[in-house]
Every structure is written in C-alpha cells, then in structure tokens.
1. Looking at the range 404-448, which of its residues are of a type in the set (Asp, Glu) and either in contact with a Pro (Cβ under 8 Å, 6 or more places away or on another chain) or within 21 Å of residue 70 (Cα to Cα) (or both)?
2. Report, by residue number, each residue of the range 129-153 that is modelled with pLDDT of 80 or more, within 14 Å of residue 77 (Cβ to Cβ) and surrounded by 21 or more Cβ atoms within 10 Å (Cβ to Cβ).
3. Within the range 489-504, is there a residue that is in a loop (DSSP other than H, G, I, E, B), at negative phi and either surrounded by 21 or more Cβ atoms within 10 Å (Cβ to Cβ) or not aliphatic (A, V, I, L, M) (or both)?
4. Cβ-Cβ distance below 7 Å, separation of 6 or more or different chains: which pairs start in the range 517-545 with a residue that is more than 22 Å from residue 588 (Cβ to Cβ) and open to solvent by 40 Å² or more (accessible area, probe 1.4 Å) and end on one that is of a type in the set (Asp, Glu) and modelled with pLDDT of 85 or more?
5. In the range 455-468, is there at least one residue being under 26 Å from residue 399 (Cα atoms) and charged (D, E, K, R)?
6. When the range 477-495 is examined, which residues are found to be hydroxyl-bearing (Ser, Thr, Tyr) and farther than 10 Å from residue 398 by Cα?
7. Under 6 Å between Cβ atoms, at least 6 apart or on separate chains: pull out the pairs that start in the range 407-419 with a residue that is more than 17 Å from residue 476 (Cβ to Cβ) and end on any residue that is part of a helix (DSSP H, G or I) and of a type in the set (Asp, Glu).
Amino acid sequence: MRPHSRLALWILTLFACVALFACGDHRGDGATLPASPSARPADRVIATILMTNDQLTLIGLRPATGNELPEPQAVAPVLGWQYEDSSGKIVESGTVTVPVVTLAEFDENGKPAPVTTVAGAATLEVQIPNVDGTFVLFDPAATGGTTQKSWGGLLKKLKLYIKKLIGKFKLDNGSGNGGSGGSVASGGTSAGGASAGGASTGGASAGGASVGGASAGGASTGGASTGGAGPGGPGQGPAAESGPTVQMAKPKTECVGMTILVVAEGYTKAEETKFQADAEQIIGAISTHSGYQEHWSDVAVYRKFFVSNDSGISDPAASITRDTAFRFQHDAVVHRSIGPAEDVPAANVAAVAAAKGEVNADAVLYIANINEWAGAARPWSREGYVAAHPQAGLIMSHELAHALFDLADEYSDGTCNPANSFQGPNVALSLEALPWTSLLTPGVALPTTGGGADTVGAYEGALYCTTGAYRPQDTCKMRDASVGFCKVCLAQIESRFQLRTAACHQGTCEHSACTTGSALTKGCDSCTASVCDAMPECCSTEKGKGWTEACVQLAKDTAGPCRGVCYDGKSSCSHTECTDGASLTSSCSTCADAVCKKDAFCCSNKWDAICANEAERDPYCSCKTSQ
C-alpha cells in the first residue's frame with residue numbers, strides 16, 4: 001500500500017473512532033463498553049423511561065434478572081402502553097399509573113392528610129422482550145376526543161425507539177450521562193413523539209453517542225436537543241458531579257431480601273458529610289420499626305451522592321429557584337408535597353437508573369436537603385421523596401411499605417374512591433372476601449368493633465373511606481405511622497422476604513458466621529457446616545466453646561461455601577466471578593453457586609458477560625468487597 005493511501009486509511013479510522021467517541025473499551029462520554037458483547041442476549045429487559053410533559057426519553061436498559069418484585073398495581077389515572085417489534089406487531093402491552101402523579105400522605109404533625117399532586121417529571125419502568133422495537137405510551141381516554149387532564153394526560157401517542165440490548169454498559173463514577181443498558185433512540189424523542197433516526201450499533205447512535213438510551217447528541221424531529229430533550233423537556237447541559245455508590249448496610253447473612261438506594265438532592269459539594277449523616281439517621285430510624293427490624297439482617301442499603309450547585313430545593317410559590325441535581329421543588333399549592341420539575345437533567349436521572357441497576361435496588365429514596373416537613377411517594381414507581389427532617393424515618397417506614405411490600409393505606413381520611421385506590425392484602429371491600437381469613441381471631445365478630453390490641457377481624461374504615469372498606473386490626477402503621485404494623489401486614493412483609501431469601505436460608509443461624517457468639521447449628525447453612533466439620537467446637541454447646549474469633553477467621557478463609565458470606569472469603573474458582581471467561585463450577589464459591597442457581601448457563605456452558613453482570617449485582621460476590 002502506498003504511504004498516502006495508508007495515511008488516508010488512518011485518517012478515516014481516526015474519524016470513525018471520533019464518531020463513536022472511543023476506539024476500544026472506553027468511550028469519551030464516560031461509558032465503559034464490554035470487551036466483547038455477550039453472545040447470549042437477555043430474553044427480557046427492563047426499560048427505564050423518563051416522562052416530561054409530552055416527551056419520553058430512554059435513560060436505562062438492563063437485563064431482567066427474574067428476581068424483580070411483582071409489578072405494582074396500576075390505579076387511576078392510568079396510561080396504556082404497548083411495545084411493537086420492528087414489524088409493527090404488538091409483543092407486549094399493559095397499563096401504568098400516570099408516573100407524574102405524586103401522593104403526599106402526612107401533614108406537618110405526621111397525621112394522615114392524603115392529597116395527590118402532579119410533578120413535572122417522573123420515571124417509569126416496564127419489562128419488555130429484548131427485541132428492536134417501539135415503545136408507545138398513550139392515554140386510553142384521549143382516543144375518545146377528551147381534553148387533556150389536569151394531571152398531564154397525553155393528547156397523543158408518544159413513541160420511543162429502543163434497540164435490542166446486546167452488551168452491558170457501565171457508568172464511570174461522576175459521568176452521569178448514561179444508563180446500565182446499551183440502547184439508543186437517536187436524539188431522544190421529540191415534542192411530537194417520534195424520534196428521527198434511532199439506529200445504533202451496540203449503543204452508539206447514528207446521530208450522536210448515547211449510553212443506556214440517554215442521547216448525547218443528534219437531532220429530533222420537532223427540535224434539536226442535547227441529552228435527548230426536546231423543547232420543555234429534561235434539562236440540558238453536563239451531568240452533575242456524583243460520587244460512587246456506597247453500601248451503607250450489608251446483610252448479615254448470604255441472603256438479600258430487599259435493597260434500598262438512597263440518593264442526595266439539594267446538597268452542595270461541601271454538604272456531602274451532612275448527606276451521609278442524614279441518610280444514616282433516616283435509614284437507622286427505619287431499621288428500628290417492626291417489620292423492618294426483624295428482617296434487617298437481610299436488607300442491603302446503598303447511598304449515592306450527587307452534587308447540587310445550590311443548597312435546598314425550589315419553591316415556585318415563593319419565587320425561589322435552586323439549581324439542584326434533580327430540580328426538586330415544592331408543589332405550588334400543597335407545600336409539603338415535593339418532586340422533580342420538568343427541567344430535570346436526564347443525565348442525572350440516568351445515573352440513578354444505572355446505580356439502581358448496579359445494586360439491583362427495589363426502591364429509591366431521595367433525601368431533600370431542607371429542614372422542614374415535606375415528602376411524597378410514588379408506590380407505583382417504588383420511589384419515595386423525603387426532607388431531612390426528624391420525622392423522616394418514621395414517615396418513610398410507612399411509605400416504603402407501599403413501595404416494597406405493596407401494602408395499602410388503612411386510614412379513613414381523604415377522598416373515598418376505592419375502585420381507584422391502591423389496594424393490597426391488608427384491605428378489603430367485602431366481608432365475604434377478606435384476604436386474611438386464616439389470621440382471624442377465633443370467634444371474632446364481622447364487622448369488628450372493640451376487641452383487644454391483638455384482635456384480628458374486619459374493622460370498618462380504610463382506603464380513605466369511613467365505610468365500605470375494611471382493615472384487619474384497630475391500629476397499624478398503614479393507618480398511623482407512629483405505631484407498628486398489624487399482623488396481616490407483618491405476614492405480607494414476611495412472605496415478601498421469604499420469596500427472596502427462601503433459596504439461600506437453609507435452616508436458621510442465630511447469628512452470622514462472620515461474628516462471634518454462641519455456637520451455631522451445623523446444618524443451618526453450608527458455610528457453618530464446612531466450618532464445623534473442620535473445627536467441631538464452633539458448633540459445640542459445651543461451656544467455654546462456641547463461635548469464637550477462630551471460627552470467624554475460618555469462615556473467612558474457607559473456599560467455596562463461605563465465599564461472600566463474610567465478603568472477603570476465599571475462592572477456588574478458576575477465574576474471578578466478576579469477569580467473563582470459562583464456565584465455573586457451582587462448588588468453587590457461594591457467589592458462583594448463587595449465580596448458577598439463577599442462570600445454569602454460567603456453569604454448564606460459559607461464564608459470559610451476563611454471568612459477570614449477575615455477579616457484579618450480587619452484594620455477596622467479591623466485586624462488592626471494596627465498598
């Protein structure tokens with residue numbers, strides 16, 4: 001080849017690399033591409049979509065693990081959605097509660113005073129097949145020619161093009177612009193609802209570069225935008241500086257029943273320590289409440305700090321505007337209701353979605369840096385918003401019960417409309433159809449009046465109604481946030497945790513193998529059995545014996561069954577579980593065993609990028625030991 005021909009080829013190659021923001025495993029937009037995309041794409045994926053006015057932006061796409069909580073009940077007002085493959089065939093459909101609707105439940109004294117408000121932006125998550133296609137969101141009522149609703153009902157169908165997830169993207173700390181999945185809609189969506197282009201290869205859009213579906217460039221029909229936002233849509237500009245995802249609470253066993261992600265809003269860089277203290281105070285308070293306390297050894301909590309330019313949040317009624325990471329503001333009418341405004345930066349929302357996917361969080365709790373009572377919840381989105389207030393932990397123990405356990409409100413205050421209320425196993429609209437029949441106190445009268453504090457019957461007054469709706473007991477946290485959960489709610493919480501932990505709880509250990517204490521029962525789990533085989537005194541109830549420091553050290557050093565139990569146990573695997581490679585045996589570590597129980601392919605064929613992704617999302621695998 002002649003010199004000038006080689007030079008021309010080199011220049012073309014350079015331009016190709018610049019167009020894709022990278023020439024290898026790292027892209028200039030802060031996203032890290034896998035060395036080689038998995039040859040075995042996930043069958044189903046979870047799409048995280050940002051809704052602002054009449055606009056949709058795809059901000060995250062991640063493989064569905066099969067361990068997600070059941071879909072929450074959709075309550076009015078609802079939007080319909082459908083997913084069409086490239087041929088236009090509808091392959092999935094459903095309904096969702098209008099994401100921007102927000103529920104503020106308690107007044108400044110912590111008493112029930114439910115009211116719904118509308119935020120400027122919201123995210124929704126839908127599980128869809130992993131195929132190229134178009135996500136369509138529409139207001140079922142709008143097809144009949146009705147006018148736009150006060151909650152922001154759509155006047156048209158909104159469309160969003162989604163590319164099949166073929167690899168795994170991962171955010172670098174602080175980059176913010178991207179998501180945990182590799183999918184793109186070029187330029188995002190326009191105000192008219194249709195994206196121009198939409199083609200991508202492995203996550204790079206034809207009109208620009210995008211990670212996890214949040215476009216970093218490209219032009220949309222109806223208006224050009226940076227960050228995939230059309231006029232009036234998500235905020236533009238660079239992502240807010242953010243810190244790493246830090247684990248606040250580690251489960252004491254090898255089981256994870258629930259995972260919560262705590263996010264900072266309205267904290268300046270100088271206030272990071274304050275956010276950490278606020279998060280510790282609120283989460284600490286939640287952990288002491290019944291229902292949580294009994295299962296806290298199976299709960300994982302993470303926090304993620306985002307830097308806001310201003311301290312606090314905006315207040316439109318007082319003409320106060322703060323430049324914060326998620327543009328939180330007080331509702332103009334209901335001051336105690338808070339939520340994001342229309343100009344929320346899509347890149348920051350995408351960073352939260354990425355962190356949520358990274359740790360497999362079940363719910364997200366945003367802490368707003370204001371010293372007053374304010375908060376709100378979106379049970380249907382499994383999100384909570386709360387101010388850094390002394391009562392925050394008390395109130396959020398109630399709100400998270402909606403988000404994590406699908407429990408309904410039992411108080412009589414509010415607008416009685418049970419058909420359009422979030423219902424759960426702790427409420428009933430008929431005495432003939434009580435979900436808690438097996439827990440009824442023997443001989444109790446229905447409906448129930450009087451009785452003792454432990455009486456389980458059917459007390460009238462629930463779902464914001466004084467009559468026609470029933471609750472199991474006279475008092476409960478779902479009726480009064482200052483008291484404990486009723487027996488029926490506790491049973492629902494127990495069943496939700498068992499759904500997650502039954503596979504790894506084999507017997508009951510009185511304490512973790514990683515802490516000293518009384519002797520453990522040899523058969524309570526595989527790690528304890530291995531330790532006691534090697535050191536029988538660890539399981540001996542004889543005086544002077546028990547689970548000593550030597551037993552703890554042995555647990556940490558035992559390869560295979562104790563891997564991950566103490567977060568730094570040894571492994572006999574041929575390679576780390578956090579990177580792809582040859583298939584592993586389930587016996588080489590508890591991490592490998594946990595992954596292969598969910599995905600047998602990893603031990604029978606190849607430990608590919610999906611297997612490594614599953615390991616990275618498991619807080620017991622070695623990928624998490626540095627946090």
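1. Matches in the range 404-448: 406, 409, 413.
2. Scanning the range 129-153 gives 137, 139.
3. Checking the range 489-504: at least one residue is in a loop (DSSP other than H, G, I, E, B), at negative phi and either surrounded by 21 or more Cβ atoms within 10 Å (Cβ to Cβ) or not aliphatic (A, V, I, L, M) (or both).
4. Short answer, once both residue conditions are applied: 545/537.
5. yes
6. 495
7. none
This table checks each residue for (1) in contact (Cβ under 8 Å) with a residue 60 or more places away in the chain; (2) of a type in the set (A, V, I, L, M); (3) on the phi < 0 side of the Ramachandran plot.
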position	(1), (2), (3)
249	no, yes, yes
261	yes, yes, yes
276	no, no, yes
304	yes, no, yes
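The values are calculated or read from the model by the stated rules, or taken from the named source; none is laboratory data. All values reported here derive from a predicted model rather than from experimental measurement. Cβ sites come from the backbone with ideal geometry, for glycine too, and all protein chains shown count toward neighbours. Calculation scope for accessible area: heavy atoms of the full protein, side chains included, ligands and nucleic acids excluded. Shrake-Rupley method; radii C 1.70, N 1.55, O 1.52, S 1.80 Å.
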